[in-house]
Amino acid sequence: MASTASPYGFRAVNELGGLPYAGSTRSFPINPAGYNTNIFNGSLVYVAASGYLQICTATGADGTTNALPAGTTLTGAVGVFVGCTYTNAQGQIIYSQYYPANTASVNGSTITAYVVDDDRAVFQVQAAGSMTFADLGANVYLSAAQSTSTGSTTTGNSTTAVNATPVTTTAAFRVVGFVNNAQSQPGDAYTDILVKFNPGYHSYSNAVGL
């Protein structure tokens, strides 16, 4: 039973329609001079005007001030970050669960992020409270904006959760299902739910480019 708050960010489960998630990702660059924010596995990310990947720092509670990302003309999140590779000072290629803030490239090497960028992917995420079957089909958004501390540098995983009070107005995610097993069930104190991006909150479902 999900009786304690233990958020883990977003985890890809399958494709809308039921096809299993096969592990596909797309690679995106992170600023080789260094980006000043940790990006944890399970974090929502977007492509900034610079062309480099950054973490979304808004809740997705609406399509303007709290869009993904916030307060810009950008087209929304590009997906969920699941790790990166970079070269350390010793010339070793590091495969990392998360991007450590201010990591810069060495000797002209690249910093490559891997992102689940399918706009029809279904993700498992924990709610910051109890949700029931009555919430199926409603919209949710992040319970708090992501930041450099929204995760663990020990595990490399995000600690992002979504709000447990769904809305019928526009918001970043649609509740499309629930985790229903021995570990988590609808109505638990901190319910694990299944969500997908709503149109316009994902870059690929928005007709406007950068």
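Kirkwood radius and radius of gyration were both taken over the C-alpha atoms of the stretch 131-201, and their ratio Rg/Rh is 0.99. Per residue, the accessible area of the stretch 71-180 comes to 43 Å² when a 1.4 Å probe rolls over the protein heavy atoms. Charging the Cβ of each Asp and Glu at -1 and of each Lys and Arg at +1, and nothing else, the dipole of the chain about its Cα centre rounds to 200 debye. Within the stretch 1-48, the proportion of C-alpha pairs whose separation exceeds 17 Å stands at 57%.
Using a probe radius of 1.4 angstrom, the carbon and sulfur fraction of the accessible surface of the stretch 90-139 is 50%. When you restrict to C-alpha pairs under 8 Å that are six or more residues apart and normalise by the size of the stretch 39-189, the relative contact order lands at 26 percent. Close amide H contacts of T87 (hydrogens built in the peptide plane, cut-off under 5 Å, sequence separation of 5 or more or a different chain): I94, V106.
Our compactness index for the chain, the C-alpha radius of gyration over the empirical 2.2 N^0.38 Å, is 1.00. Along its principal axes, the stretch 82-177 has C-alpha extents of 54, 25, 19 angstrom, given from the largest down. Note on the stretch 47-87: with neighbouring protein chains present and a 1.4 Å probe, carbon and sulfur make up 52 percent of its accessible heavy-atom surface.
Amide H to amide H distances under 5 Å link V122 with V13, N14, E15, L16, where only residues 5 or more positions off or on other chains count and H is placed in the peptide plane.
Across the stretch 92-101, rounded Karplus estimates of 3J(HN,Hα) from the backbone phi angles (6.51 cos²θ - 1.76 cosθ + 1.60, θ = phi - 60°) give 8, 7, 9, 9, 10, 5, 9, 8, x, 3 Hz, Gly and Pro being marked x. From largest to smallest, the equivalent ellipsoid semi-axes obtained for the stretch 1-88 from the alpha-carbon gyration tensor read 23, 19, 15 Å.
The values are calculated or read from the model by the stated rules, or taken from the named source; none is laboratory data. The shown structure was predicted, so the numbers you read here are calculated from the model rather than taken from an experiment. Glycine also receives a Cβ, built like all others from the backbone with ideal geometry; neighbour counts cover every protein chain displayed. Surface areas here come from the heavy atoms of the whole protein model, side chains and all, with no ligands, DNA or RNA. Shrake-Rupley method; radii C 1.70, N 1.55, O 1.52, S 1.80 Å.
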